[in-house]
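Worksheet for the structure shown next.
The values are calculated or read from the model by the stated rules, or taken from the named source; none is laboratory data. Everything quoted here is computed from the prediction, not taken from an experiment. So basically every Cβ, Gly included, is an ideal-geometry build from the backbone, and we count neighbours across all protein chains shown.
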Amino acid sequence: MHVQNAQARPRLASAIDVRTRLRPVVDSVARFSSRQLDRAFELVFERDLEVRSVREAEKLLADVSAREAMSRVGTWVALAASLRPVILRMAKRAQKANRVARLSGAGRMAAWSVTGTIAAGRVVDATRTGINELQVMAAYLASRLRDAGRTPSPQAVELAALSLYLRPDRPIDVSHGRRPALAAAARRWVLDAMRPVNDSTRRKRMRVRLEAIASLPESELRRLVDVIPATVRDDPSGQIGH
């Protein structure tokens, strides 16, 4: 047991070290994603997107991802441009020039500019995919609420989608508000980018989230609509997304 604990401590310390070094990147992604996520959730209600099953949700995600890849290119180029110097400063400060290259899957790169561009591009891809996933989850939640005879609250749907996105194996938790949840989602996207997962793994993770929505009892759906808009706010004005 002592040997196992001794072996686990360096791994834990290494994981904490990586998370600490990536914090500036995570913060940048969270700030940038806030407005993009606002728009993604707004579209769910403007277009009254309807999703009746896990399979429909997966099909919608494929359609949304295909459209997103061909639109708003300038938005994502701007994110990549803002991330590149942040990533380079992070690695230089650590005096480990090969850290970003190794984590981005690029191998050792002689030129910092190439390394930073590859890493930033992967972060952008992971962020864009994550926002698409959250949009589809919101559409599925809103559809389930309507089916239960309730008018979905945008705030309720947003917070519930973020909660289930992060921890689909647990009951919906909206006690921490939007900002911490978005920061946690951004951290996951950055880690996914630095340690790329294949498409099959990503699809499996998303299916677990969608199945969590499919299995929500009506009592839970009613609680979200009735309670969240009145009690969970990020600031006294009742506005979220600032």
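Below, the figures for the structure above:
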| read-out | value |
| --- | --- |
| Residue match in the range 132-141 (condition: surrounded by 20 or more Cβ atoms within 10 Å (Cβ to Cβ), under 18 Å from Met194 (Cα atoms) and either at pLDDT 90 or above or out of contact with any Ser or Thr (no Cβ under 9 Å at 6 or more places or on another chain) (or both)) | no |
| Residues (within 18 Å of Met137 (Cβ to Cβ) and either among the small types (Gly, Ala, Ser) or not in a helix (DSSP H, G or I) (or both)) located in the range 184-196 | Ala184, Ala185, Ala186 |
| Residue list for the range 49-79, restricted to those being assigned to a helix (DSSP H, G or I), small (Gly, Ala, Ser), modelled with pLDDT of 80 or more and over 17 Å from Asn132 (Cβ atoms) | Ala78 |
| Selection status of Ser53, small (Gly, Ala, Ser) and surrounded by 14 or more Cβ atoms within 10 Å (Cβ to Cβ) | no |
| Meets criteria (within 17 Å of the chain's Cα centre (by Cα) and modelled with pLDDT of 90 or more) for Leu210 | yes |
| Filter result for Gly177 (small (Gly, Ala, Ser) and without any contact (Cβ under 8 Å) to a residue 24 or more places away in the chain) | no |
| Residue among Asp169, Asp147 that is surrounded by fewer than 22 Cβ atoms within 10 Å (Cβ to Cβ) and over 22 Å from Arg195 (Cβ atoms) | Asp147 |
| Residue that is modelled with the lowest pLDDT, among those in the range 105-117 that are surrounded by 13 or more Cβ atoms within 10 Å (Cβ to Cβ) and over 30 Å from Leu60 (Cβ atoms) | Met109 |
